[in-house]
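Below: one structure, written as structure tokens.
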Amino acid sequence: MNVGESTTQNRLAVLIDADNAQPSITAELLAEIAKYGVATVKRIYGDWTTPNLGGWKSVLLEHSIQPVQQFRYTVGKNATDSAMIIDAMDLLYTRRFNGFCLVSSDSDFTRLASRIREEGLLVYGFGGKKTPKAFVSACDKFIFTEVLRFPEDAGSAVKPKTANELKGDAKLVSLLRAALEAASDEGGWAHLGAVGSNIAKQAPEFDPRNYGYSKLGELAAATKLFDVDERLQSDGQSRSIYIRDKRKKPKK
């Protein structure tokens, strides 16, 4: 099963750390998860006796998310993490799932993500941009929750970066060119899907929406560093997008 594979056959366990997630984006979060499969288990962990989790209550009912109570045994210690990790391992050993969605910005789930992947299952992480790199890298794919907000929400939309800004992002340019090089033919052209797959293997956190673009093809075109060609396939109906580094363009 590939990272970007979208099929209703994929059974996913969604585990949410209530202390490190926001109820305001629940609808968008579940819509994003639906791209990768069906959320057959939806659980959220926290101490529901505390007032700071009050915003979750109506959301849980609306989206049929099961709250799991975990009291705080000691001030300053997070017992929620342990409860979520134990539940995740119990679910893992049932062998009923194709992947897990871990919703948190807490690095404490880094080892859990790695352990699930060791069993051959996919791990989709969801968290804020403050999420430590270790947790991000431990996931097959990591989606920053900032891009899940509706554009009309004040201050939440990601403004599209200009061509100059994109060109000035050395890490982005290097990532795109390396992925393209790995998938290109003798003429320098590569199918966009293959390029995306190579990027996912190198950078779990990569998402065109982080740069203000909804699709990889749009982002590649916006950099003005790549030629983009939409081709009609042999069936005469569907179309596929191919890209090429402009530096590879044959000289006249």
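The values are calculated or read from the model by the stated rules, or taken from the named source; none is laboratory data. Small disclaimer: the values here were computed from a predicted structure and weren't measured. Note: ideal-geometry Cβ built from the backbone for every residue, glycine included; neighbour counts use all protein chains shown.
Structure notes:
- Single residue of region 198-211 satisfying the filter (outside any loop (DSSP other than H, G, I, E, B) and among the aliphatic types (A, V, I, L, M)) that is farthest from GLU32 (Cα to Cα): ILE199
- Residue in region 140-161 that is farther than 19 Å from LEU30 by Cα, in contact with a helix residue (DSSP H, G or I) (Cβ under 8 Å, 6 or more places away or on another chain) and touching a residue at least 60 places away in the same chain (Cβ under 8 Å) present: yes
- Evaluation of VAL123 against (1) in contact with a Cys (Cβ under 7 Å, 6 or more places away or on another chain); (2) of a type outside the set (Gly, Ala, Ser); (3) under 13 Å from ALA21 (Cβ atoms) (one fails), failing number: (3)
- Index of the failed condition, ALA134 passing every other in (1) outside any helix (DSSP H, G or I); (2) closer than 29 Å to ASP207 by Cα; (3) not polar (S, T, N, Q): (1)
For (1) surrounded by fewer than 13 Cβ atoms within 10 Å (Cβ to Cβ); (2) closer than 30 Å to GLY212 by Cα, each residue gets a yes or a no:
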position	(1), (2)
ARG72	no, no
ILE85	no, no
TYR93	yes, no
PHE97	no, no
ARG111	no, no
SER114	no, yes
GLY127	no, yes
ALA138	no, yes
LYS141	no, yes
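- So ALA190, is it in contact (Cβ under 8 Å) with a residue 24 or more places away in the chain, touching a Phe, Trp or Tyr at 6+ places or on another chain (Cβ under 7 Å) and of a type in the set (Gly, Ala, Ser): yes
- For ASP106, the criteria (1) among the acidic types (Asp, Glu); (2) touching a helix residue (DSSP H, G or I) at 6+ places or on another chain (Cβ under 6 Å); (3) surrounded by fewer than 15 Cβ atoms within 10 Å (Cβ to Cβ) hold in every case but one, which is (3).
- Residue list for region 217-243, filter: loosely packed, with under 13 Cβ neighbours inside 10 Å and part of a strand (DSSP E or B): ASP229, GLU230, ARG231, LEU232, ARG239, SER240
- You will find that of SER174, SER214, the residue that is outside any helix (DSSP H, G or I), modelled with pLDDT of 90 or more, surrounded by fewer than 17 Cβ atoms within 10 Å (Cβ to Cβ) and within 24 Å of the chain's Cα centre (by Cα) is SER214 and no other.
- Restricting region 48-83 to residues that are assigned to a helix (DSSP H, G or I) and of a type in the set (Val, Ile, Thr), the residue that is modelled with the lowest pLDDT: THR80
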